[in-house]
Amino acid sequence: MKTGYLAAFLLLLISYFLIFITLQQFLEQTKWVEHTGLVINNLETLSSYTNEAESASRGYLLWDDTDHRQTFYGTTEKIDRLLKNIDSLTADNSSQQKRTDTLKLIVQEKLGRIYTSILLFEQAGHVVTDAMKARGPAGKMLMISVKDLINRMEDAERALLESRKEKLRGGSVSIKIITITSLVIALLLSAYSFITYSKESNAKLKADDQANVYRNQLENKINELQIANAELLEFRSLEKFTATGRIARTIAHEIRNPLTNIVLATDQIKSTPGGDEETMMLLDMINRNATRINHMISELLNSTKFAQLQYSKINISVLLDETLELARDRIDLKQIRLEKHYSKTSCQVFADEEKLKIAFLNVIVNAIEAMDAEKGVLEIQATEMNDRCIIDIKDNGVGMNEEALQKLFDPYFTNKTGGNGLGLTNTQNIILNHKGNIQVKSRQGEGSVFTITLNVV
């Protein structure tokens, strides 16, 4: 009997040790996946800024517009910072480090040629000379080399990303298998204890106590597994957000280049003497709409990129109350009943106060707009659990179907008349920037619950 208990205890001890080791490997792989995603993001941004620098210099040489020259100089500073970031991020990869060194040389040579062209242009009295035109083919080949090298580096990083994701999935499966094995061992041990010690009351009490110990240990390990699964969900949200940002940057690049050409063309036509009033009105209309499109692209990029945060220690209960005051007019107008449930020990987090207010306000305003006047109930709950601050924002509005839930955080998705579809995208961006998580549960006709999770101090 003692031998059986000893064997079961050793098996449980081994399984707990394996869970601990696997969790450590899982977390390490998660960090490497994030690292690889950051390298890819920097490479894509570098490609975009290189195109922007070339477009700005071309605009200055064609139209002698100093705004384009300032844009070029500002972009070159961003390119220098990106090259330093990429150099630092690829320090652990010798092959990528060699490509980075080559990339820096080519980019610097490309920018140097552009600087020289601008200098020649200004020395020639702001006139494009034949000598400058002769430099064009070489500059074009350099640009092709830059894009080709960036693409090869991105392909290498994506291959590395897939490998690390595969290891991550393997770690998740291992955790589940080990936990289920521990559960089976614990259940078998509980059954064995019950059968053996039922013959003697004193022995039975000891067996029950031992079984309770094992049960508590098992529950603790199950909680650890739930935490690991929550981290996996956070990673998937981050991965989707990164992919959305990548798509947004690609769209912005593909639209802004022809948009710049359209604006430059309309400006050229307007500067040509002899245009009638109707033609000028139509050209002004084209410029206004081009500016509007450019503004929409900027909003999309801002809602899908990682932002700089100003961290400070914040009491979540106080922050929620201040946010609710910002929505007080809407609450009073629709006569919404407000119910607040804060834990006695208020959550303390390190966060950017203003950005977190924006995130909460977007969710609260959506909840208010989803509810009928005089019938709405808005519930705000904040609790602390396992070193995490959990904020629930619940409404009894119209709710959402499964299709809407899947697209809820996608840019420009909205069910509201007059909405731009970027509010919840920006909210998710802010929460992910704080290493947090946002989840939604909803059923049509029953309302919705937004659950935001943040790390406590």
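Between amide H atoms placed 1.01 Å from N, distances below 5 Å from Lys340 occur with Ile380, all of them 5 or more places distant or on a separate chain. For the stretch 57-65, putting each phi into the Karplus relation 6.51 cos²θ - 1.76 cosθ + 1.60 with θ = phi - 60° gives couplings of 5, 5, x, 5, 5, 7, 10, 6, 9 Hz, in residue order, rounded to whole numbers and with x for Gly and Pro.
Using r as the Cβ-Cβ distance of Gln24 and Leu309, and R0 as 30 Å, what FRET efficiency do you calculate, to the nearest 0.05?
Numbers: r = 28 Å, r/R0 = 0.92.
My answer for the efficiency is 0.60.
Listed peptides 212-222, 422-432 appear in the order 422-432, 212-222 once ranked by packing, highest mean of other Cβ atoms within 10 Å at the front. If only the Cβ of Lys and Arg carry +1 and only the Cβ of Asp and Glu carry -1, the dipole of the stretch 393-457 around its Cα centre is close to 140 debye. Extents of the stretch 4-98, largest first, come to 88, 24, 14 Å (Cα atoms, principal axes, whole angstrom).
Highest mean packing first, where packing is the average number of other Cβ atoms within 10 Å per residue, the peptides 380-389, 89-98, 277-286 line up as 380-389, 89-98, 277-286.
Relative protection proxy for 126-139, 316-329, 42-55, from highest mean packing down: 42-55, 316-329, 126-139 (other beta-carbon atoms within 10 angstrom). Taking label points 7 Å from Cα along the Cα-to-Cβ direction, Asn294 and Val213 give a separation of 7.3 nm. Think of the chain as a dipole: +1 on every Lys or Arg Cβ, -1 on every Asp or Glu Cβ, centred on the Cα centre; then among Ile430, Ala53, Ser117, Ile430 lies furthest on the positive end. A Förster radius of 56 Å, combined with the Cβ-Cβ distance separating Ala373 from Ala7, puts the computed FRET efficiency at roughly 0.25. Computed from the alpha carbon positions, the gyration tensor of the stretch 118-176 leads to an equivalent ellipsoid with semi-axes of 51, 11, 5 Å, biggest first. Potential lengthening of the chain between Ser145 and Gln348 amounts to 68.0 nm, from the contour at 0.36 nm per residue minus the alpha-carbon distance.
What full-extension length gain, to one decimal in nm, is calculated for Met132 and Lys206 as 0.36 nm per residue of separation minus the Cα-Cα distance? Before the final figure, lay out each step's value.
Numbers: separation 74, 0.36 × 74 = 26.64 nm, distance 9.23 nm.
Roughly 17.4 nm would be gained on extension.
Computed over the stretch 80-127, the quotient of the alpha carbon radius of gyration and 2.2 N^0.38 Å is 1.59.
Relative contact order for the chain: what is it in percent, counting Cα pairs under 8 Å that are at least 6 residues apart? For the chain, the relative contact order is 12 percent.
Tell me the Kirkwood radius of the chain: reciprocal of the mean inverse pair distance over distinct alpha-carbon atoms, in Å.
Numbers: mean 1/r = 0.0372 Å⁻¹.
Evaluated over the chain, this radius sits at 26.9 Å.
Between Leu333 and Glu34, what is the FRET efficiency for a Förster distance of 56 Å, r being their Cβ-Cβ separation, to the nearest 0.05?
With R0 = 56 Å, the Cβ-Cβ based efficiency is 0.85.
Think of each Lys and Arg Cβ as +1 and each Asp and Glu Cβ as -1; about the Cα centre, that makes the dipole of the chain roughly 1460 debye. The distance between label points at Lys441 and Val456 comes to 2.1 nm (points 7 Å beyond Cα on the Cα→Cβ vector). For the set Phe194, Phe409, Phe121, solvent exposure ranked by accessible area (probe 1.4 Å, protein chains only) runs largest to smallest as Phe194, Phe409, Phe121. Along the charge dipole of the stretch 1-147, pointing to its positive end and built from +1/-1 on Cβ of Lys, Arg, Asp and Glu, which listed residue (Val107, Ser94, His35) has its Cα farthest out? Of the options given, the answer is Ser94. Estimated purely from DSSP H runs of n ≥ 4, each contributing -39500 (n - 2.57), the mean residue ellipticity at 222 nm for the chain is -26000 deg cm²/dmol once divided by its residues.
What the phi angles of the stretch 389-398 give under the Karplus curve with 6.51, -1.76 and 1.60, with θ = phi - 60°, is a coupling list of 9, 10, 10, 10, 10, 10, 10, 10, x, 6 Hz, glycine and proline written as x.
The values are calculated or read from the model by the stated rules, or taken from the named source; none is laboratory data. As the structure is a computational prediction, the values presented were derived from the model and not from experiment. A quick note on method: Cβ atoms are made from the backbone with ideal geometry, for glycine too, and the neighbour counts reach across all protein chains shown. Side chains included, ligands, DNA and RNA excluded: accessible areas come from the protein's heavy atoms. Shrake-Rupley method; radii C 1.70, N 1.55, O 1.52, S 1.80 Å.
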